[in-house]
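Below is one structure, written out as structure tokens, with a few remarks after it.
The values are calculated or read from the model by the stated rules, or taken from the named source; none is laboratory data. Every value quoted in this text rests on a predicted model; they were computed, and no experiment measured them. All Cβ positions, even for glycine, are placed from backbone atoms using ideal geometry, and neighbour counts span all protein chains on display.
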Amino acid sequence: MQSLTGKELTTALITLVLFLFLLLPGGQRILRAAGSPFQKILLPPTTSVSPLGDTLESNVVRFTSEPYQRNILVRTFEKTYTVGTTVTSDGALVGIVKESNPPYTTVQLVSDQQFRGVAETKDQTKGVIEGELNAIRLSRVPKNEKLQVGDELVTSGLDGRFESGIPIGVIREVFDESSLLKSAYVETYANLAELKNVEFSND
């Protein structure tokens, strides 16, 4: 077996030490700030910027499914986002920032039971988007308003949380909510169960 040279052994030891250092809290952030020549090998790609905001490619690290909650944990390195910041995937609504503490940001998905927002169809039929853990529902729609399967749903901008026109999904089922109101189940454009790429709107 060919033995390592002194230089090769030193490089291997430094790489091992740096790799172990990454496991420490804040290790990635410190390594980036130091500008180490090993960061290209040891660290994931840095955040890139798109016209829609900051794009973090393949940095969804964990899904949480605690009772009544649907969140994702995103590795955002040294970047901090304001609570309530809009989060999308390929331009479609995913949720909002719930908490941001570098190097991670927690995103509340639209399927979370506490999520609320005002949405509308192209015919400007409006309703409230509510999460139901494994489904999305458009509720509180007056019965006399036009709403049918296949209608596309976007944010209305009336809730003060989102800009208008962000794609959400497609109406898949319409049913009576009460004698005066109706609701609909929505199939989201974003695959919330297999998110990998997310975009944060600019603060």
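Numbers for the structure displayed
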| quantity | calculated |
| --- | --- |
| Failed item in (1) surrounded by 14 or more Cβ atoms within 10 Å (Cβ to Cβ); (2) within 19 Å of Ile129 (Cβ to Cβ); (3) at pLDDT below 90, with Tyr68 passing the rest | (1) |
| Matching residues, the range 173-203, being under 17 Å from Val87 (Cα atoms) and of a type in the set (Phe, Trp, Tyr) | Tyr189, Phe200 |
| Residues satisfying the stated conditions in the range 71-82, i.e. under 11 Å from the mean Cα position of the chain (by Cα) and loosely packed, with under 15 Cβ neighbours inside 10 Å | none |
